[in-house]
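Heads up: the structure comes next, in structure tokens.
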Amino acid sequence: MCGIVGILGAKPVALDLVDALRRLEYRGYDSAGVATVENGHLERRRAEGKLRNLETRLQSEPLAGHTGIGHTRWATHGKPTERNAHPHMSGRVSVVHNGIIENYRDLKAELQAKGHVFASDTDTEAVVHLITDEMDAGHGPVEAVRRSLKRLSGAFALGIIFAGHDDLMIAARQGSPLAIGHGKGEMYLGSDAIALAPFTSEITYLEEGDWAVLSRTKIEIFDRNGGAVQRPVTKSIASSLLVDKGNHRHFMAKEIHEQPEVISHTLSHYLDMGEGRVQFPELGIDLSAITRVSISACGTAYYAGLVAKYWIERLARIPVEIDVASEFRYREAPMSPGGLALFVSQSGETADTLATLRYAKANGQRIASVVNVRTSTIARESDAVLPTLAGPEIGVASTKAFTCQLAVLACLSIALGRASGHIDAAKERELVQALVELPRHISVLLRNEHKFEELAHALGKARDVIYLGRGISYPVALEGALKLKEISYIHAEGYAAGELKHGPIALIDENVPVVVVCPKDELFDKTVSNMQEVAARGGQIVMVSNADPDEAGCKVVSHIEMPDVHPFSAPLIYAVPMQLIAYHTAVLMGTDVDQPRNLAKSVTVE
Ligand code: M6R
């Protein structure tokens, strides 16, 4: 994830900016830079690689400005070179940015046609020129930013400074978090409170869609509609990375809301978003030679693997065998030499998954793991590691790790499809674009969270809840049921919708909510038939779909309206309502959301 910092200081800020960036190093980056306002002009220093390179640069060419922004970049659009490193700037404006500007191509073409000259390959630079263009048209900085924000699409966070304005910084949050730190006669900006811990513990978190105008003594915050709003000042305890919930009540809520950002970050590791291609890191495995894939994992990670089975078989036409690790390890599965064995684990320490890894290794398989903890045992014992860049996940119920696992597995599936010759460049671009748009769609969904609070009141009364899904939505239904049971303690089961009449339909009556995961894909009509079977028996249908509830042809008691997304990327976005249903039901029930009874975050015993 890119890191953003900003300081309106009482003394030169460049070295403090670098210090703050150092605290964001855990997010990963490949270049860094700072810019300050110096005698009314914008000056910047940037360097490829680690922060020490930037420091060396600042030693030989110091910056004296008291107002500045800094950034650690994880390349998405354009190579990790100094030229693409942030801050980006024109003569009037300098910008640091985290996330993706989805419509940057259109903006760039429009601005180039007006004579703006771009100096990088990044999406960020379109923001710089857009604001500059508004200022050239006679608007002041605040109005120029306000007008520009309306034209940006995507999930992002921005920090902006201006030539000739030593006491001004503007921040905007749309999908990626931003924290403002209050100092004595100083003001700070950071991707999270951890970056600001050396300067202040008084933090205001911007909410979705907020943008803020900062000076050394004052903050004005506006919501997405331009109305002035107040956001509380909270006391941060960010000295430890693991204890900061931001302005959320639970880690699980924070982690659900981090998804637009961490999915972007994870995708940027595997995609060249500018070119619309998968850019897989060197795996030491010839993807075109793979004839069979076996996947093993536990719990939520297993469901991520199950989604991948649908993707890989569809896109690469390679058979995929999948099993929960606790079964796989003892059933003496025959494994022909040369296969790819894939292990999915957030912690990288799950005992059963590790045991299956060792079994597969002993049986001549190439071992690849999708892990969130890169120093974990599963990572260390793998031939190739495919990291999820979700950041630390504290809530026992896995949320952002799951969607990041899906993001990695989606990229792997495209890479296998390409290597096997089953998808061409145009199809690859289409699928990559579907993934790139996801963070924005998830941000929008998260803005309408109140609907889930209403739904929780109905689910909280139930003794049993059934989840149904068909095709690639089946594992999503399984994950929804697991989430609900583990944190609300309500009995919930997921079924393949087509299996309903082979047994589970006996459970349906007017007291049973049935959550149906049904994107409008090629299987939608089949699932509609199952919904009608449920409705005929009085079941309370909760329809999670981009289709109109009238299309169900039966009574739907609740409709979670989903955005229209490509069927390929649907599992990532449909996972989010599963999390929100479980979260709000658990909050209503008063359970210990982050540490539910009987569960451990890392299951290192059999
Ligand atoms: O660390 P891992 O991903 O290997 O953990 C696997 C499961 O224990 C984990 O996904 C568990 O099911 C979660 N509590 C689900 O929310």
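A few remarks follow.
- Here the peptides 166-172, 444-450, 374-380 are ranked by packing, the mean other Cβ count within 10 Å, and the order with the highest first is 166-172, 374-380, 444-450.
- Between S60 and H450, the simple label model (points 7 Å from Cα in the Cβ direction) yields a spacing of 5.7 nm.
- Only the Cβ atoms of Lys and Arg (+1) and of Asp and Glu (-1) were treated as charged; on that basis the dipole of the range 444-589 about its Cα centre amounts to roughly 280 debye.
- Solvent-accessible area per residue for the chain (1.4 angstrom probe, square angstrom): 37
- Listed pairs K485/K601; K50/K245; K254/K400; K150/K520; K254/K520; K245/K451 exceeding 18 Å between Cα atoms: K50/K245; K150/K520; K254/K520; K245/K451
- At R0 = 22 Å, FRET efficiency that the Cβ-Cβ distance of L283 and D424 yields, to 0.05: 0.50
- Taking trypsin sites (Lys or Arg not before Pro) across the range 239-323, the ones in a DSSP loop with at most 15 further Cβ atoms lying within 10 angstrom of their Cβ are R249, R292, R317.
- Measuring nothing but how far apart in sequence close Cα pairs (under 8 Å, 6+ apart) lie, relative to its length, the chain scores a relative contact order of 11 percent.
- Intensity falloff of the range 115-155 expressed as log10 I(q)/I(0), Debye formula with alpha-carbon point scatterers, at q = 0.20, 0.21 Å⁻¹: -0.59, -0.65
- Restricting attention to the chain, close to 60% of DSSP beta bridges with both partner residues there are antiparallel.
- Atom-type composition of the exposed protein surface of the range 3-246 places 49 percent of the accessible area on carbon and sulfur (1.4 angstrom probe).
- Less than 5 angstrom separates the built amide H of H139 from none of the residues sequence-distant by 5 or more or on a different chain.
- Positive-end residue of Y188, A496, Q595, charge dipole of the chain with Cβ unit charges: Y188
- Here the accessible area is traced with a 1.4 Å probe on the protein chains. For the range 254-436, carbon and sulfur cover 48 percent of it.
- D592/A458 FRET efficiency (R0 22 Å; Cβ-Cβ; nearest 0.05): 0.50
- Debye-sum result for the range 531-606 in log10 I(q)/I(0), which assumes one identical scatterer on each alpha carbon, at q = 0.15, 0.16, 0.17, 0.24 Å⁻¹: -0.74, -0.80, -0.86, -1.09
- Folded to 0 to 90 degrees: helix 425-436 orientation relative to the chain principal axis, Cα: 80
- Counted residue by residue at 0.36 nm each, then reduced by the alpha carbon distance between them, the extension gain from E220 to R314 reaches 28.8 nm.
- With θ taken as phi - 60° and the Karplus curve 6.51 cos²θ - 1.76 cosθ + 1.60 applied, the whole-hertz 3J(HN,Hα) list for the range 507-521 is 7, 6, 8, 5, 9, 10, x, 10, 8, 10, 8, 9, x, 6, 10 Hz, x standing for glycine and proline.
- Here the range 494-508 is scanned for amide nitrogen atoms under 19 Å from the site 7 Å beyond the Cα of A536 along Cα-to-Cβ, giving 496-508.
- Selection from A410, V436, H265 lying farthest towards where the dipole of the range 254-436 points positive, charges on Cβ: A410
- The order of the peptides 199-207, 300-308, 385-393, 54-62 by mean Cβ neighbours within 10 Å, most packed first, is 300-308, 385-393, 199-207, 54-62.
- Residue separation of D383 and K79 scaled by 0.36 nm, minus their Cα-Cα distance, works out to 106.8 nm of gained length.
- Crossing angle, helix 400-419 versus the chain [Cα axis fit, 0-90 degrees, rounded to tens]: 80
- Under the Debye formula (equal points on every Cα, no solvent term), log10 I(q)/I(0) of the range 46-156 at q = 0.10, 0.11, 0.12, 0.18 Å⁻¹: -0.30, -0.37, -0.44, -0.94
- For the range 444-589, the share of accessible area belonging to carbon and sulfur comes to 49 percent (1.4 Å probe, ligands and nucleic acids excluded).
- Neighbourhood net charge (13 Å Cβ-Cβ; Lys/Arg +1, Asp/Glu -1) for Q433: -1
- Residues Q433 and S201, FRET efficiency given R0 of 51 Å [Cβ-Cβ distance, rounded to 0.05]: 0.75
- By a 1.4 Å probe calculation restricted to protein chains, Y474 has an accessible surface near 60 Å², given to the nearest 10.
- With Rh defined as the Kirkwood radius, the inverse of the mean 1/r over Cα pairs, the Rg/Rh of the chain is 0.98.
- For K555, a cut-off of 17 angstrom between C-alpha atoms picks up these aspartates and glutamates, skipping any fewer than 8 places away in its own chain: D509, E510, D525, E533.
- In the range 297-389, GluC sites (Glu not before Pro) in a DSSP loop with at most 11 other beta-carbon atoms within 10 Å: E332
- Positive dipole terminus of the range 506-594, leading residue within A535, C554, A582 (C-beta point charges): A535
- Judged by the gyration tensor of its Cα atoms, with axes a ≥ b ≥ c, the range 254-436 is oblate; a/c meets the 1.5 cut and b/c is at least as large as a/b.
- Summed side-chain charge close to D525 - residues other than D525 whose Cβ falls under 11 Å, Lys, Arg +1, Asp, Glu -1: 0
- Using Cβ point charges alone (K and R +1, D and E -1), the dipole size of the chain about the Cα centre works out to roughly 680 debye.
- The Cβ shell under 11 Å around L306 holds other residues with a net charge of -1, Lys and Arg each +1, Asp and Glu each -1.
- With both labels modelled 7 Å from their Cα along Cα-to-Cβ, the D121 to T291 distance reads 3.7 nm.
- Using 0.36 nm per residue and subtracting the Cα-Cα separation, the extra length available between R249 and A137 on full extension is 35.9 nm.
- Entry note, the chain: the mean residue ellipticity at 222 nm calculated from DSSP H runs of n ≥ 4, each adding -39500 (n - 2.57), is -11000 deg cm²/dmol after division by the residues and rounding to the nearest 500.
- Span per principal axis, largest first, for the Cα atoms of the range 474-555 (Å): 32, 24, 21
The values are calculated or read from the model by the stated rules, or taken from the named source; none is laboratory data. Remember, it's a predicted structure, so these values are computed and weren't measured experimentally. Here the Cβ is made from the backbone with ideal geometry for all residues, glycine too, and neighbour counts use every protein chain on show. The protein model used for the area step is the full one, side chains on, heavy atoms only, and it has no ligands, DNA or RNA in it. Shrake-Rupley method; radii C 1.70, N 1.55, O 1.52, S 1.80 Å.
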